[in-house]
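The values are calculated or read from the model by the stated rules, or taken from the named source; none is laboratory data. Everything quoted here is computed from the prediction, not taken from an experiment. Cβ placement follows ideal geometry from the backbone for every residue including glycine, while neighbour counts extend to all protein chains displayed. The area values use the complete protein model at the heavy-atom level, side chains included, leaving out ligands, DNA and RNA. Shrake-Rupley method; radii C 1.70, N 1.55, O 1.52, S 1.80 Å.
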Amino acid sequence: MALLDNLKWRYATKAYDSTKKVDQENVDKIIEAARLAPTSSGLEQFRIIVINDQKLKEKIVPIAMDQKNIAQCSHLLVFAAWDKYTEKRIDDIYNYITDERGLPRGRFGSYTTKLKALYLPQTAEENFAHTARQAYIGLGMALAQAAELKVDSTPMEGFDNDALDELLGLRSKGLRSVVLMPIGYRDTTNDWLVNMKKVRIPKEDFVITNK
């Protein structure tokens, strides 16, 4: 029940106490939870950019619809995904996997050939739609780990992706921003949501049973 209790505790924090910082050990745990997330075909199609520089966070505020909690938070995690699949990216991951497992390179050649046949003919936008979904799996793991550590967090899609990509130089790294996750500690005085009841639709409406 610990995980469920943690999820009931967390909420999308609207205001952070800028005087309170998350210990690096806990930041590392949150990132590690995302790194351990499952991804389609084990390709690990997303990366996390960790931002704790105050001036850079403040530059992101206008890019993110003037959401001030970005400037207030301890650290801002930017989840960014591959802009497209390439033969090299697929091969690099599977070469690394086989090397780490002490297997000969090419051990999964028939499978990677199928992956290339599936993804490489697609447009870059079709590729990104798929790689971005993998980032959300990592986001979910990171949110849950933050809640376990009693670190507050806010998943955010409300930002200008192209402007953020340019600011952080993501395109040159073959990445595109997907979602933001500020972390820190709630400002109980100024957060309008902090004392409100957590509301979800009833289970009987959420679960559809195939009879």
Review point. Does the range 75-87 contain any residue that is surrounded by fewer than 16 Cβ atoms within 10 Å (Cβ to Cβ) and closer than 21 Å to Leu170 by Cα?
Key: yes
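Would you mind finding the one in Ala117, Ala144, Ala124 that is of a type outside the set (Phe, Trp, Tyr), surrounded by fewer than 20 Cβ atoms within 10 Å (Cβ to Cβ) and within 17 Å of Leu7 (Cβ to Cβ)?
On the way: Ala117 fails: within 17 Å of Leu7 (Cβ to Cβ); Ala124 fails: within 17 Å of Leu7 (Cβ to Cβ).
Residue meeting the stated conditions: Ala144.
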Check your understanding: Within the range 1-40, can you find the residues that are in a helix (DSSP H, G or I), open to solvent by 30 Å² or more (accessible area, probe 1.4 Å) and under 25 Å from Thr112 (Cα atoms)?
Key -> Arg35, Ser40
Review point. Are any residues in the range 158-170 in a helix (DSSP H, G or I) and either open to solvent by 60 Å² or more (accessible area, probe 1.4 Å) or of a type in the set (Val, Ile, Thr) (or both), and if so, which ones?
Key: Asp162, Glu166, Leu167
Review point. If you go through the range 65-79 one residue at a time, do you hit one that is in contact with a Gly (Cβ under 6 Å, 6 or more places away or on another chain), within 22 Å of Phe159 (Cβ to Cβ) and assigned to a helix (DSSP H, G or I)?
Key: no
Revision key, fill the gap. When (1) out of contact with any helix residue (DSSP H, G or I) (no Cβ under 8 Å at 6 or more places or on another chain); (2) farther than 18 Å from Phe128 by Cβ are applied to Gly106, the one that fails is (1)
Practice item. Looking only at the range 147-157, decide whether some residue is open to solvent by less than 70 Å² (accessible area, probe 1.4 Å), touching a Ser or Thr at 6+ places or on another chain (Cβ under 6 Å) and either free of Cβ contacts under 8 Å to residues at least 12 places away in the same chain or not charged (D, E, K, R) (or both). Key: yes
